[in-house]
Amino acid sequence: MANSGEKSLGLLTLEDYRLRAKEVLSPEAWAFYDDATGRKVTYRASSVAFDRYVFRPRILRDVTKRSLSTTILGQPISMPICIAPSANHRYAHPEAEAATARGATDADTLFILSSLANVSIAEVGRSSRSGLKWMQLYLMKNQEHTLHIVREAEKAGFQALVLTVDLPVISYYSFLINEDNATSRYYNDPSLRPVNLAIDLPEVHKAIHSGDTNIHYYLGTQWQRPMTWADVRWLKSMTSLPIVLKGILTGESAREASDAGVAGVIVSAHGGRALDGVPAPIDVLSEVVLAVKGQGLEVYLDGGVRCGTDVLKALAMGARAVFIGRPAVWGLACDGASGVTKVLSILRNEFDSCLGLAGCTGPHDIPESLVIRKSYL
């Protein structure tokens with residue numbers, strides 16, 4: 001567990017926060033957050049891929065008055081930088097996702113709560129009552145799990161649902177059961193268990209009361225089901241909330257998402273924790289944007305964002321907003337909700353500076369021609 005008294009004084013970049021978080025987190029917690037599948041090819045590529053793109057800045061433009069504000073699904077946010085869903089924030093801080101949500105609210109931006117969170121949907125709703133919140137979910141074998149999350153999110157005032165679609169089966173590494181495995185402990189330790197899946201069903205009660213290995217096995221089996229576009233249409237029929245699909249990496253999938261009537265897509269490689277060897281999200285962003293151009297579908301980027309230039313590149317390539325996952329947890333580990341807000345503030349200030357230096361005044365004043373791939377030069 002992180003030292004909750006650790007302050008963010010002197011931490012000026014996201015890399016500073018990464019290094020400090022590695023110091024204050026337990027080895028087990030750091031392993032959980034830093035983990036990825038396979039040889040971690042996609043995980044490593046997601047950040048460095050931004051270096052393949054360079055700016056073509058505009059000059060002699062009045063950029064003294066800049067505004068970073070924008071909207072996301074029609075809701076105003078102070079900047080196009082939001083927090084992606086990630087599991088198990090209690091490894092980083094005792095207040096877990098409730099603190100992360102407050103940090104996002106204080107920064108006046110969007111927070112997506114993972115269905116594998118350590119605190120209840122209702123608690124997050126109370127802790128960030130005025131904040132913009134979306135709810136992430138999976139399509140489980142027993143649809144009661146999915147519907148429970150949908151109904152709780154509706155009651156707690158969440159404004160959209162984010163369906164993760166790039167994990168039709170659980171990666172092998174998630175099922176390694178031994179006393180040293182951080183992911184195994186996540187399912188087995190009651191203090192770390194995903195509480196929003198522990199609903200009032202006989203099979204859940206049986207699994208919980210019959211031992212740690214059984215609850216681990218039961219939750220794992222919930223992913224062992226077919227998942228098709230018909231499920232997306234079923235989910236739409238169950239709620240009036242807009243639906244965003246997370247895990248889109250091709251133009252074909254984006255067009256199918258548009259045909260299914262969703263409100264947005266998040267270009268994401270699951271933080272490198274799903275299929276290793278898929279492209280870095282920034283490398284396929286333009287393809288996805290082009291595939292749904294003019295169809296009213298918002299496109300977002302999640303993956304590898306570590307500085308203000310990354311944000312500017314993503315927006316120039318068509319993203320409505322970007323999402324950060326691990327950096328938010330680094331901030332949480334260092335200083336709770338205040339650390340989350342500070343990480344967002346660092347990105348905000350860097351993005352603001354880059355925006356002006358590139359000759360732009362806001363997210364809606366960024367031309368496609370601002371960014372070009374190096375190989376074109």
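The values are calculated or read from the model by the stated rules, or taken from the named source; none is laboratory data. Being a predicted model, the structure only gives us computed values, none of them experimental. Every residue, glycine as well, gets a Cβ built from its backbone with ideal geometry; the counts of neighbours run over all protein chains shown. These accessible areas exclude ligands, DNA and RNA; they are computed on the full protein's heavy atoms, side chains included. Shrake-Rupley method; radii C 1.70, N 1.55, O 1.52, S 1.80 Å.
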When the charge dipole of region 1-124 is computed with +1 on Lys and Arg Cβ and -1 on Asp and Glu Cβ about the Cα centre, the Cα farthest towards its positive end, among 119, 103, 71, belongs to 71
Over 20 Å (Cα to Cα) among 40/141; 293/374; 313/374; 246/374 -> 40/141; 293/374; 246/374
Rounded to the nearest 500, the 222 nm mean residue ellipticity computed for the chain from DSSP H runs (n ≥ 4, each -39500 (n - 2.57)) alone is -12500 deg cm²/dmol
Ignoring ligands and nucleic acids, residue 90 exposes an accessible area, probe 1.4 Å, in Å² to the nearest 10, of 60
Taking 0.36 nm per residue of separation between residue 259 and residue 126 and subtracting their Cα-Cα distance, the length gained on full extension comes to 44.4 nm
For the chain, whose charge dipole is built from +1 on Lys and Arg Cβ atoms and -1 on Asp and Glu Cβ atoms, the candidate among 363, 339, 165 with its Cα farthest towards the positive end is 363
Residue separation between residue 66 and residue 22 times 0.36 nm, minus their alpha-carbon distance, gives in nm 12.3 nm
Once all protein chains are kept in place, residue 320 shows an accessible area at probe 1.4 Å, nearest 10 Å², of 80
If each part is reduced to its alpha-carbon centroid, region 306-361 and region 130-146 end up apart, in Å, by 26
The summed charge of the residue 264 Cβ neighbourhood (under 11 Å; Lys/Arg +1, Asp/Glu -1) stands at +1
Accessible-area order for 24, 48, largest to smallest, probe 1.4 angstrom, reads 48, 24
DSSP beta bridges in the chain: the antiparallel percent, rounded to 5, is 20
Simple spin-label estimate for residue 40/residue 353, 7 Å along Cα→Cβ, in nm, reads 2.8
Check: C-alpha center region 85-114 vs C-alpha center region 230-285, spacing in Å is 22
For residue 229 the rounded accessible area (nearest 10 Å², probe 1.4 Å, non-protein molecules ignored) is 70
Rounded to one decimal in Å, the inverse mean reciprocal Cα-Cα distance for region 260-377, i.e. its Kirkwood radius, is 15.3
Whole-number value, in Å³ per residue, for the convex hull of the alpha carbons of the chain is 131
Comparing 132, 11, 344 in a Gaussian network model of the chain (Cα, 10 Å), the one with the largest mean-square fluctuation is 11
Expressed in nanometres to one decimal, the distance between label points 7 Å along Cα→Cβ at residue 225 and residue 239 is 1.5
For residue 324, other-chain or 5+-apart residues with amide H closer than 5 Å (H placed, Pro excluded) are 82, 83, 84
GNM of the chain, Cα pairs under 10 angstrom: of 65, 246, 40, the biggest fluctuation goes to 65
